[in-house]
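The values are calculated or read from the model by the stated rules, or taken from the named source; none is laboratory data. Please read these numbers as outputs of a predicted model, since none were measured by experiment. Every residue, glycine among them, receives a Cβ derived from its backbone with ideal geometry; neighbour counts consider all protein chains shown. Surface areas here come from the heavy atoms of the whole protein model, side chains and all, with no ligands, DNA or RNA. Shrake-Rupley method; radii C 1.70, N 1.55, O 1.52, S 1.80 Å.
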Amino acid sequence: MADTKQAERKVAKLAKEIGAFAKRHGGAEGQLAYIGQMGTRIVLVGEDGEWGDLVAPSHAVAQSAAEKAGITLHESFDGDFAAKVRTGPYEWSRMAGIQIGGPSNDRS
């Protein structure tokens, strides 16, 4: 019983955060990605191209939170959905840093 109540509270909290993100960015869509024992990552993309993510303790909690927030979920992060993401210099430098020969993100 306690696990059910805890899951319901987590769903409500995540749904509120998803809703706030959607409100700030003119709406939002999402995609759920399993990340192992950590749970499920909820990737959010706003209508303005901004993006963010949240982590839920399980796929069921992530799914319920997204449904409660009323966002559209995509099966995968590709095509038209991925094309909506607006990236800036920070993201490009981070992506380049993980490529062979790209700038290092190591500050040591």
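Some observations on this one:
- Scanning the stretch 14-38 for residues that are surrounded by fewer than 17 Cβ atoms within 10 Å (Cβ to Cβ) and in a loop (DSSP other than H, G, I, E, B) yields a count of 3.
- Pick from the stretch 69-78, criterion open to solvent by 40 Å² or more (accessible area, probe 1.4 Å) and in contact with a strand residue (DSSP E or B) (Cβ under 6 Å, 6 or more places away or on another chain), ranking: farthest from THR40 (Cα to Cα): THR72
- Apart from one condition, PHE81 fits all of (1) at pLDDT 95 or above; (2) open to solvent by less than 60 Å² (accessible area, probe 1.4 Å); (3) not basic (Lys, Arg); the exception is (1).
- The residues of the stretch 55-68 that are surrounded by fewer than 19 Cβ atoms within 10 Å (Cβ to Cβ) and part of a strand (DSSP E or B) amount to a single one, VAL55.
- If you check THR4, THR87 for being without any contact (Cβ under 8 Å) to a residue 12 or more places away in the chain and not in a helix (DSSP H, G or I), only one passes: THR87.
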